[in-house]
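Asker: Provided herewith is a single structure, encoded as structure tokens, for subsequent inquiry.
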Amino acid sequence: MTKDERPSDSSDFALRQLRALLDSRAAGDDKQLPPERALALQLSVGRRTLRRALDVLEAEGRLWRHQGKGTFLGPRPARADTSVEELSSRTNPLEVMEARLGIEPMLARLAALRASNGDIERLEHLAHKTGTSAATDTDNRELWDGAFHRAIAEAAGNSLLFAFMDMINQIRQDPTWRRLREQARSPAGERTYVHYHHRIVAAIAARDGRGAEQAMREHLEAVRESLVKIMTKPAQDNYDIQTANGQPSNDQGRPAA
């Protein structure tokens, strides 16, 4: 482009140029467009004008963009399978609690209808272990609590819901989230959770689907309430809790991530 050939500031001109380019490349194998800078030079348009035209074409489904990868012809492809690590980075504890409240009460009700005698014996054992583990270390508490809720999902006999529950449990094992849950714990809260565990198992053993569902919902609401309280505490309060629990802080006095 020479000095006298200034880029056009007309968005309509840029859009027409892009439409023509897409039409010419529609039948080809190369579905990736040049980078923005090169594309703006090729079409003799300004980069801001180019972005506006790209926005329109993306809304029309004629192209799609991926940050760090480029611009591609055609509609955005269906999302590939998402890894647990990626899901964990995109969600947060309150979203996980919403998912658990949507799934686990139903699983408890199904378990009351479908659990075998062996399933019930195992749930009774796990409920007991969640109580005895409450007096020991964090890792032990998390281990038995996760096993208890997973066993209910398994006893429910729905493979799809079990797969959802298994993924949620994997996300809950993220170290940051485990620290957050530990901050939300208290001796009184632990006793309440164990009480709910025994209520849930008793309802399942009695084949009381409605009672099992209600007990699970109340249990998870109590967990969510504890998480909300710790997440909405001022930063200094969170630091004081972590310091009391022996967790490290950074040089600025904030809890370490």
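Since every read-out is calculated from the coordinates, none of them should be taken as a lab result. Here the structure is a predicted model, which is why all the values come from computation and not from measurement. Counting neighbours? That spans all protein chains shown, and the Cβs are built from the backbone with ideal geometry, glycine included.
Asker: Principal axes first, then extents: for the Cα atoms of the stretch 84-244, list largest minus smallest coordinate on each axis, whole Å, largest first.
Answerer: Per principal axis, max minus min of the Cα coordinates gives 48, 33, 23 Å.
Asker: Would you order 165, 216 from fewest to most other beta-carbon atoms within 10 Å of each residue's own beta-carbon?
Answerer: Sorted ascending by nearby Cβ count, the order is 165, 216.
Asker: Then there's this: Which ordering of 168, 152 is given by a fewest-first count of other beta-carbon atoms within 10 Å?
Answerer: Fewest-to-most ranking of 168, 152: 168, 152.
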